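A short write-up of the structure that comes next.
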C-alpha cells in the first residue's frame, strides 16, 4: 500500500510540474545602475503592466516609479479608474487612460533599453522612447498614457 501511494505521489507531482511549466509565462525583470550616481533602476513586469522603479540612493526602497506599458489589453478591462489607488498598481490599466502605445503584446526583455543621463533616465522599447523619469522632480512621463493620471504623466510627443 505504501509503495502504491509513493508511486501515485511521484506520478502526481510529475504531472503538477508539467502543468506548472506549461502555464508559466516568463516575466520581465531587469536592472540598470548608473555608473556616475550609483542609482539603480528596476524594470518589472507585473500581472497587467510593466513598471520602472527608481531606487532611493541608499537602495533601501523605491524613490519613485513610472508606468511603461500594459501587457494585458486595456480595452478588455472594465476596471473603474476610481478603484485604482496610488499604492495599487497591479490592477489593469483603465481604458480611459490608454492609447495606441499602451498595450504591447509579447514584450521581450531584449526589446527594452535603458539610457542614463545626469538629470533623467529614459526607457526605450523597440527603439522608441516609452518612459522618461525626471530625477530632479521625481516625475515620470509615459508614452503609454493618454492623459495624466495616478499612473503618471502623459509623455508629450
Completion exercise
Note on the range 120-146: residues touching a residue at least 40 places away in the same chain (Cβ under 8 Å) and touching a helix residue (DSSP H, G or I) at 6+ places or on another chain (Cβ under 8 Å) are 125, 145, 146
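Residue under question is residue 41, and the condition is that it be in contact with a helix residue (DSSP H, G or I) (Cβ under 7 Å, 6 or more places away or on another chain), in a strand (DSSP E or B), at negative phi and at pLDDT 85 or above; does it hold?
On the way: in contact with a helix residue (DSSP H, G or I) (Cβ under 7 Å, 6 or more places away or on another chain): no; in a strand (DSSP E or B): yes; at negative phi: yes; at pLDDT 85 or above: yes.
Against the criterion (in contact with a helix residue (DSSP H, G or I) (Cβ under 7 Å, 6 or more places away or on another chain), in a strand (DSSP E or B), at negative phi and at pLDDT 85 or above), residue 41 does not qualify.
In the range 54-81, what residues are part of a helix (DSSP H, G or I) and modelled with pLDDT under 85? Walk me through it before giving the result.
As a first pass, look at the range 54-81 and keep what is part of a helix (DSSP H, G or I): 74-76, 81.
Listed by number, the residues that qualify are 75, 76, 81.
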Practice task
Consider residue 22 carefully, then state whether it is under 25 Å from residue 145 (Cα atoms) and either at pLDDT below 50 or out of contact with any helix residue (DSSP H, G or I) (no Cβ under 7 Å at 6 or more places or on another chain) (or both).
Solution key: no
Practice task
For the range 131-149, indicate whether the set of residues that are loosely packed, with under 14 Cβ neighbours inside 10 Å, at pLDDT 90 or above, in a strand (DSSP E or B) and out of contact with any strand residue (DSSP E or B) (no Cβ under 8 Å at 6 or more places or on another chain) is non-empty.
Solution key: no
Exercise for the section: For the range 90-111, state whether one or more residues are in contact with a strand residue (DSSP E or B) (Cβ under 8 Å, 6 or more places away or on another chain), surrounded by 19 or more Cβ atoms within 10 Å (Cβ to Cβ), modelled with pLDDT of 95 or more and closer than 23 Å to residue 34 by Cα. Expected result: no
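The values are calculated or read from the model by the stated rules, or taken from the named source; none is laboratory data. Just so we're clear, the structure is a prediction, and the values are computed from it rather than from any experiment. With ideal geometry, Cβ positions are generated from the backbone for all residues, glycine too; neighbour counts draw on all protein chains shown.
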